[in-house]
Amino acid sequence: MSAAEAGPVTFDATDDDVVQCPYPHYRTMRDEAPVLELDGATVGRTGERVFAVSRHEDVKRILHDHKTFSSQFGGSGAKASPELRARLKEVYADGWPNVSTMLTEDPPSHTRYRRLVSMAFTPKRVSLLEPDIRRICEELVDGFERAPRVDFLNQFAVPLPVAAVATILEVPDTHRAEFKKWADSSVASIGRVISDDERVAAERDIIEQQHYFVSELEARRAEPRDDFLTDLVNAELPADDEVEGGPLDIPEMLSIIRQIQVAGSETTASLLADLMVQLGQHPDEWEKLKADPSRAAKVVEEGLRWASPNQGLFRIVLEDTEVAGTPIPKGSTIWVMYGSADHDDRVFEDPEGFNPDRESLNSHIAFGHGIHFCLGAALARLEAVTALKVMAARLDTIKVVEPDSLRYGSSFILRGLQGLELELTYQ
């Protein structure tokens, strides 16, 4: 049996029926087993006791209690075998250590990283990207060449966030193909099973990226610019800050760059694709958006709730505790299920519906919650809102080609369509 049982309820995150449409399974868990023990191997945690937490109120409480539920869960992929570890050791010898920073750290180290990165990744710097992002969106739509059918995923949803993050990091056009390859390799093993050879190849790509950005960081140290990398190099806590620690070192900066790249690429692409599916299936919402582009922000928030491109992350239990009446022993792993929480009918009326005018719109936790709230949320929102406004101004009608054939990738964490063809008419 591939998943542990709690009464009649079972859940296997690797089962294709679950991967393609997890929401009925989530509802059963919320209603009958809101804390469900899983077979750890099915979520890449072989040998661990793993509990899936599916209700909104429980997920939110866990995200706010870092003293009981630690973020130091390590990676989100399957654990490496001794043979693979030996091969990876050879690859890593040519690079810099892969250190934990914001995503997998607790206070006070997390606080230091968050404050230092916030000095570089400011709301002002993000807002100044709007003209660049609008230009990228317009160029991508121009690239459709008024074709009646387009491969939306590869012609728009994927290149937009890659280009946006590359713009932040000032990666020139001559390195964009490499940058996309590095981004793909950084998420290759997250929530999915890949071969040892694929894992080694992905890590080689990441080492290649390290060398590129070390060169860029050292260049900023020698000749500062008005850009994110320079701010990252120069970020330093004031002397009176209660959190100890000096400026970021090279491994820490590389880790942060990679996190921004990962957070800003696949999840945003998945959000854009799911938004177009929903708007294609709800032509009334598309007409409202065309008539009033200011609705784009509400449509994006509902898309974030409905799609939850990051379906959830792990936490490690630091002391014996209880969630929803279920005892959970110290040392256990909790899978905090954002995707289920955002479809909880205790918070969202008709959660499977797509309704940008719902009252509880801003209660979603697609970006997490608490101290680990996604630092790139403002950028993701800016990209998606700008994209919808540009498309609403350029496109007349949108229709999903063969909607019954849509398929999601195998990752149980980063949920995204494998392809999306749209039938379009133009204004």
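The values are calculated or read from the model by the stated rules, or taken from the named source; none is laboratory data. From a predicted model like this one, the values you see are computed outputs, not experimental measurements. Here the Cβ is made from the backbone with ideal geometry for all residues, glycine too, and neighbour counts use every protein chain on show.
General remarks:
- Subset of the stretch 19-40 [surrounded by fewer than 17 Cβ atoms within 10 Å (Cβ to Cβ), in contact (Cβ under 8 Å) with a residue 24 or more places away in the chain and more than 20 Å from residue 407 (Cα to Cα)]: 32
- Among the residues of the stretch 380-404, those identified as under 25 Å from residue 348 (Cα atoms), of a type in the set (A, V, I, L, M) and either surrounded by fewer than 20 Cβ atoms within 10 Å (Cβ to Cβ) or under 19 Å from the mean Cα position of the chain (by Cα) (or both) are 380, 382, 384, 385.
- Flag for residue 411 being polar (S, T, N, Q), assigned to a loop (DSSP other than H, G, I, E, B) and over 19 Å from residue 282 (Cβ atoms): yes
- Filter pass, residue 346 being under 24 Å from residue 268 (Cα atoms), in a loop (DSSP other than H, G, I, E, B) and in contact (Cβ under 8 Å) with a residue 24 or more places away in the chain: no
- All conditions in (1) under 16 Å from the mean Cα position of the chain (by Cα); (2) β-branched (Val, Ile, Thr); (3) closer than 28 Å to residue 403 by Cα hold for residue 150, with the sole exception of (1).
- Identity of the residue in the stretch 274-308, crowded, with 19+ Cβ neighbours inside 10 Å, more than 14 Å from the chain's Cα centre (by Cα) and of a type in the set (A, V, I, L, M), that ends up farthest from residue 177 (Cα to Cα): 289
- Listed conditions (1) touching a residue at least 24 places away in the same chain (Cβ under 8 Å); (2) in contact with a strand residue (DSSP E or B) (Cβ under 7 Å, 6 or more places away or on another chain); (3) among the polar types (S, T, N, Q) are all met by residue 46, apart from (2).
- Any hit, the stretch 65-76, residues being of a type in the set (Val, Ile, Thr), over 21 Å from residue 253 (Cα atoms), surrounded by 16 or more Cβ atoms within 10 Å (Cβ to Cβ) and at pLDDT 90 or above: yes
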